[in-house]
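Read the figures in this text as sums done on the coordinates, not as results from a lab. Bear in mind the structure is a predicted one, so any value in this text is a computation, not a measurement. Positions of Cβ are backbone-derived with ideal geometry, glycine not excepted, and every protein chain shown enters the neighbour counts.
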Amino acid sequence: MSTLDNLRREAKRWLKALRAKDPSARERLRRAHPAAPSEPGLRDIQHAIARELGEQSWITLKASVSRREDESARVMSLGEP
């Protein structure tokens, strides 16, 4: 799973591609978030990324990523693989 920072950067790249009228970026948005407005903002793109990754919203995705990062840090601090 990606880190939250990577997901934020991906959202910004995707939004930039949409604003540049990239047809593949528009199609990706249509598949991930069919109800997105014709002029999506960053929140719409974040929501689409969450949906692509199987979450209902950006908030639930952030919580999921945070839990995984916390678990990974805990395991690393215990010296487990």
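Observations
- Dividing the C-alpha radius of gyration of the chain by 2.2 N^0.38 Å, with N its residue count, gives 1.27.
- Cα long-axis angle, helix 42-52 against the chain (0 to 90 degrees, to the nearest 10): 60 degrees
- Residue-averaged [θ]222 nm for the chain, counting only DSSP H segments that reach four residues, each worth -39500 (n - 2.57): -23500 deg cm²/dmol
- Dipole moment magnitude, nearest 20 debye, segment 31-72 about Cα centre, only Lys, Arg, Asp, Glu C-beta charged: 80 debye
- Using alpha-carbon coordinates, inclination of helix 4-19 to the longest axis of the chain, degrees: 10 degrees
- Angle between the chain longest axis and helix 58-78 axis [Cα atoms, degrees, rounded to 10]: 20 degrees
- Inter-probe distance in nm under a simple model that places probes 7 Å from Cα toward Cβ, at Val75 and Ser24: 3.2 nm
- Note on segment 1-58: dipole from Cβ charges, positive end direction compared against Ser57, Trp14, His33; the farthest Cα belongs to Trp14.
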